[in-house]
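Below is one structure; the comments refer to it alone.
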Amino acid sequence: MIGILDNKIAAALLPLLPVMLAAVFKFSVIDDVNGDPYLHIFSNYVVGAWIDVLSISLIGAIAWAYASAGHERFIAKELAIIVAAPMLTLVVCVFFRLGAPKMNWNGDLYVVYIPLCLSLFSLAFSSVMIRELSK
Amino acid sequence: MNDQNEKQIALEAVLNDILPKHRISGSELAETIHEVSKAADRAHITDEYKTNDFLEKPRRKKLNTVLEAAGSSALATAGVLAAVWAILHALI
């Protein structure tokens, strides 16, 4: 099991586990589905997933900072490297989510899928960089 | 060999001279050394204390690390999106 963690792809994918678990539990236990279930999943989960994924990447960076607090030097610079991707992605995603409709870019591609794709990438990147900087 | 023995005898003589003055026996000295080494371990005062040297690496190595991280992240993202697409395609 520990061997799996010593792998870049695993480092990139494992942080998605809590998101998936939370989504499955919320859908199964809490949600009251009326009408098309796929439309329900799309509008309640896929559309807002980028916020969850970005939150996890920022929480990961904060947790790493606390865990490395006794590690003395350069922590601010290393933290800047880890947090750079999520913060940049946050700005771009806010533009796509709120700014794109004002430019008449109304398709799901701009409003849903590009923010989701970018936030997944930033979560994976910050997670892999945490792994690299914790060696 | 004789030289070695002489040195050892001289050392024992010195220790026998010093230790009683400080009211410490050989076993107490050994115990103290053990305690000190344990405390040093706890405080990470060892020769092999590992520090993160990412920021001290040359620029090219740092860039390589970041590029490798970006590459594996892109691969993982593509994998997740492909899996989501495949599941949705199978269901709908």
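Every number here is computed from the coordinates shown, using simple stated rules; none is lab data. Since the model is a prediction, treat every value here as computed from it, not as a measurement. Note that we place each Cβ from the backbone using ideal geometry, even for glycine, and neighbour counts take in every protein chain shown.
Annotations for the structure displayed:
- Computed on the Cα trace of the stretch A:45-119, the radius of gyration divided by the Kirkwood hydrodynamic radius gives Rg/Rh = 1.12.
- A:Trp50 sits among other residues whose Cβ lies under 15 Å from its own Cβ, and their net charge, with Lys and Arg +1 and Asp and Glu -1, is -1.
- Each residue of the stretch A:44-49 was assigned a 3J(HN,Hα) from its phi angle through the Karplus expression (A = 6.51, B = -1.76, C = 1.60, θ = phi - 60°), giving 9, 10, 5, 4, x, 4 Hz with x at Gly and Pro.
- Note on A:Ala22 and B:Leu88: the model spin-label points, each 7 Å out from Cα along the C-beta direction, lie 2.1 nm apart.
- Note, ³J(HN,Hα) from phi for the stretch B:82-87, Karplus 6.51, -1.76, 1.60, rounded to Hz, x at Gly and Pro: 5, 5, 4, 4, 5, 5
- In nm, spacing of pseudo-spin labels at A:Phe95 and B:Ala39 (7 Å Cα→C-beta vector): 5.8 nm
- Ellipticity estimate at 222 nm from DSSP helix runs (n ≥ 4, -39,500 (n - 2.57)) divided over chain A, nearest 500: -19500 deg cm²/dmol
- Judged by the ratio a/c of the largest to the smallest principal axis of the C-alpha gyration tensor, chain A counts as oblate, that ratio being 1.5 or greater while a/b is no larger than b/c.
- The trypsin sites (Lys or Arg not before Pro) of the stretch A:51-126 that meet both conditions, a loop assignment by DSSP and at most 12 other Cβ atoms within 10 Å of the site Cβ, are A:Arg73.
- Along the stretch A:29-35 the Karplus relation, 6.51 cos²θ - 1.76 cosθ + 1.60 evaluated at θ = phi - 60°, assigns HN-Hα couplings of 9, 9, 5, 10, 8, 10, x Hz to successive residues, with x for each Gly and Pro.
- Cα-derived Rg to Rh of the stretch A:23-65, Kirkwood definition: 1.14
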